[in-house]
Ligand code: HEM
C-alpha cells in the first residue's frame, strides 16, 4: 500500500522563500501539500547529527542576526539546543497528522508572541536552519529536499503567526 505523501497543514508562501527551480525529472515531488517523503528521509539522515546541527544553528543565528539574541536570554544554550531539536522531532513525527500538528503549532505560535518573536524573525530562523541543514546533509541536500524544507518552514511560520493576537 502506498503511503500518503502530501499534507496540507497550510500554505502561505513568503516571497523570499520562493524557489522557481523545478526538481529533476527522476526525483519528482508530489503536487501540492508538503513533500513528506523528502522531509522524513532527510530528517532521518540528519538525526544522528542533531546535536551538532542545533549547535551550529544557534551559533549562526546569533552571528548573522544579533538582534534576536536578547529574546533568548531566559534559556541556557544547552536548553535552547534541546528545545529546537525536540520541536523539529515533534513536527516530523506529526506530519502525517495535520490536525494535531496544526494545534501544536498554533499553541507554539501563541507562546512565541510572548517571547517577542516577530514575523521577520521567522525568515531569519528558516534561512539559518536551511543553510545549516544543507551544509550537514551534503549530497543528500537535493533541490527536492531543499524545497520540501523551505515549504515546511514556510507553512510552520504561517500557522504560528496566525496564532498571534496582534
Ligand atoms: C520554525 C519555527 C519555530 C519553532 C518550531 C520553534 C520552537 C520552539 C520551541 C519548541 C521552544 C520551547 C518553548 C515552547 O515550547 O514554547 C521555543 C522557544 C523559544 N523560541 Fe522558538 N521556534 C520557532 C521560531 C522562533 C523564532 C522565529 C524566534 C525568534 C527569534 C524564536 C524564539 C524563541 C524564544 C525566545 C524561545 C524561548 C527561549 C527560552 O527563554 O526558553 N523561535 N521555540
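Within the stretch 151-166, count every residue that is surrounded by 19 or more Cβ atoms within 10 Å (Cβ to Cβ) and within 12 Å of the ligand (Cβ to nearest atom).
Residues meeting the conditions: 9.
Would you point out which residue out of 101, 129 is within 9 Å of the ligand (Cβ to nearest atom) and either surrounded by fewer than 13 Cβ atoms within 10 Å (Cβ to Cβ) or in a helix (DSSP H, G or I) (or both)?
Of the residues listed, the single one that is within 9 Å of the ligand (Cβ to nearest atom) and either surrounded by fewer than 13 Cβ atoms within 10 Å (Cβ to Cβ) or in a helix (DSSP H, G or I) (or both) is 129.
Exactly one condition in (1) in a helix (DSSP H, G or I); (2) more than 20 Å from residue 54 (Cβ to Cβ); (3) modelled with pLDDT under 95 is not met by residue 90; state its number.
For residue 90, the exception is condition (2).
Counting only residues that are within 7 Å of the ligand (Cβ to nearest atom) and surrounded by 14 or more Cβ atoms within 10 Å (Cβ to Cβ), which one in the stretch 72-87 is farthest from residue 39 (Cα to Cα)?
Checking each candidate, the answer is 72.
Are any of the residues in the stretch 109-117 without any contact (Cβ under 8 Å) to a residue 24 or more places away in the chain, within 14 Å of the ligand (Cβ to nearest atom) and loosely packed, with under 14 Cβ neighbours inside 10 Å?
Yes, the stretch 109-117 has at least one match.
Exactly one condition in (1) more than 11 Å from the ligand (Cβ to nearest atom); (2) within 23 Å of residue 119 (Cβ to Cβ); (3) in contact (Cβ under 8 Å) with a residue 60 or more places away in the chain; (4) over 14 Å from the mean Cα position of the chain (by Cα) is not met by residue 52; state its number.
Condition not satisfied by residue 52: (2).
Collect the residues in the stretch 33-82 that are more than 20 Å from residue 146 (Cα to Cα) and in a loop (DSSP other than H, G, I, E, B), keeping them in residue-number order.
Residues satisfying the conditions are 65, 73, 74, 75, 76.
The values are calculated or read from the model by the stated rules, or taken from the named source; none is laboratory data. Source: prediction; values computed, not measured. When we count neighbours, we look across all protein chains shown, and the Cβ atoms used for this are built from the backbone with ideal geometry, even at glycine.
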